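Asks: Mind looking over this structure? Questions follow.
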Amino acid sequence: MDIRAIGMGLLFAFIWSSAFTSARIIVADASPVASLALRFLISGLIGIAIARAMGQTWQLTRSQWKATFVFGICQNALYLGLNFVAMQWIEASLASIIASSMPLMVAFAGWTIFKDKLPTIAIIGMALGFAGVILIMGNRLGGGVDPLGIFLCVIAAIGLTVATLSMRNASSGGNLMMVVGLQMLVGSAVLAVVALIWEDVRVTMTWPLVGAFVYTTLAPGLLATWIWFALVARIGAVRAATFHFLNPFFGVAVAAVVLGEALGLTDLIGVVIITIGILAVQLSKQAPTQN
């Protein structure tokens, strides 16, 4: 793994983790589903415009079209949609911690469903990671956190797991930015229908709302997604996923600095356990022959 790949991975992990804080700011002043649908519409159109300016075309491979729809529905509509809704009731730090369990879920799905062979260290890592998540959730539930918010975040993480599994071959075939833009439009279309049926749209224009919306549209929305696809194309999905071990730390750190969210000793212990578990799982899957 070269220096450029490491830099890309660190930047992706930070931006991805910061999205929970910006989402928390947005839902305080706007309807979660409608605002997310608008964000994806803007991000998708910008992404497609950039792709066309780069000379990219609509001619995607079959695996890319499949991944575009699966990723657009599972990550953008299901994962982010549920997280935005849940952020009305739970803190950004807790949402980021639950979402950080995605690499553990991917490894567990590969082990139980696809019959992947995992070394002992990976199995121990999965057990540690899930134990850390359960420790934090149990502590927060005991402190009066809304269980519905936690439930929605868990379902969201499962959706992201499905999306990640679908992206194994999506980085090949070129037209990377076009894939990024199109999968955002897929998410926008799904969320717009949900918002029209389910939500009473509300907006209270404030500077924090405007700033958070612009940031989440350009940074987590476009930049982080492009970095992720480019990183997978550069070093492979397994090595790229290793950077997810930083998400628990970045997630709680950004929420603490920007939102002033307090963290107890149990939370910190849980974050450390999750981080060790994720790192163990990802490092155990690395092989010298991988690209």
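Here, each number is a calculation from the coordinates, and none is a lab measurement. These figures come from a predicted structure and were not determined experimentally. Using ideal geometry, Cβ is built from the backbone for each residue, glycine included, and neighbour counts are taken over all protein chains shown.
Asks: Given 0.36 nm per residue, what is the gain on full extension from I6 to L283 after removing their alpha carbon distance, in nm?
Replies: 98.2 nm
Asks: I155 versus I113, label points 7 Å from Cα toward the beta carbon: distance in nm?
Replies: Computed distance between label sites I155 and I113 equals 1.7 nm.
Asks: Any number yet on Rg/Rh for segment 145-256, C-alpha, Kirkwood?
Replies: A ratio of 0.98.
Asks: So if I place +1 on the C-beta of Lys and Arg and -1 on the C-beta of Asp and Glu, and nothing else carries charge, what would the dipole magnitude of the chain be about its Cα centre? I want it in debye, nearest 20.
Replies: Approximately 900 debye in magnitude.
Asks: Oh, and also: Kindly rank 137-148, 102-113 from highest to lowest mean number of other beta carbons found within 10 Å of each residue.
Replies: Result, highest mean first: 102-113, 137-148.
Asks: Follow-up question, since we're still on this one. Based on the Cβ-Cβ distance of W58 and L196, what FRET efficiency does E = 1/(1 + (r/R0)^6) give at R0 = 30 Å, to the nearest 0.05?
Replies: That pair, W58 with L196, gives E of 0.65.
Asks: If we sort 45-56, 185-196, 22-33 on the protection proxy, mean other Cβ atoms within 10 Å, highest first, what's the order?
Replies: Packing proxy ranking, top to bottom: 22-33, 185-196, 45-56.
Asks: Counting helices only, and only those DSSP H runs with n ≥ 4, report the 222 nm mean residue ellipticity of the chain as the sum of -39,500 (n - 2.57) divided by its residues, in deg cm²/dmol to the nearest 500.
Replies: It lands at -23000 deg cm²/dmol.
Asks: Take the Cα gyration tensor of segment 67-184, multiply each eigenvalue by 5, square-root it, and list the three semi-axes largest first, rounded to whole angstrom.
Replies: 26, 21, 9
Asks: Could you tell me which helices of the chain pass both thresholds, a Cα extent of 20 Å or more along their own axis and a mean Kyte-Doolittle hydropathy of at least 1.0, with helices taken as whole DSSP H runs?
Replies: Within the chain the helices that satisfy the rule are 3-29, 32-53, 120-142, 147-166, 176-198, 265-284.
Asks: Distance between the C-alpha centers of segment 212-226 and segment 1-58? Whole Å please.
Replies: Cα centroid of segment 212-226 versus Cα centroid of segment 1-58: 3 Å apart.
Asks: Rounding to the nearest 20 debye, state how big the charge dipole of segment 57-198 is about its Cα centre with +1 on each Lys and Arg Cβ and -1 on each Asp and Glu Cβ.
Replies: Dipole size: approximately 420 debye.
Asks: Could you pull out the chymotrypsin sites (Phe, Trp or Tyr not before Pro) across segment 47-87 that fall in loop regions by DSSP (anything but H, G, I, E, B) with no more than 13 other Cβ atoms inside 10 Å?
Replies: Sites meeting the loop and neighbour criteria: W58.
Asks: Going by a ≥ b ≥ c, the root eigenvalues of the Cα gyration tensor, does segment 7-120 fall in the rounded group (a/c under 1.5), the prolate group (a/b larger than b/c) or the oblate group?
Replies: oblate
Asks: Could I have the simple spin-label model distance between W65 and L265, label points 7 Å from Cα toward Cβ, reported in nm to one decimal?
Replies: Result: 5.8 nm between the two label points.
Asks: OK, next. May I ask which residue of I124, W111, A253 lies farthest towards the positive end of the charge dipole of segment 3-284, with charges of +1 (Lys, Arg) and -1 (Asp, Glu) on Cβ and the Cα centre as origin?
Replies: The one lying farthest along the dipole's positive direction is W111.
Asks: Now a separate question. Which distance in nm do the two modelled labels at D146 and M205 give, with both placed 7 Å along the Cα-to-Cβ direction?
Replies: Those two pseudo-labels are separated by 2.7 nm.
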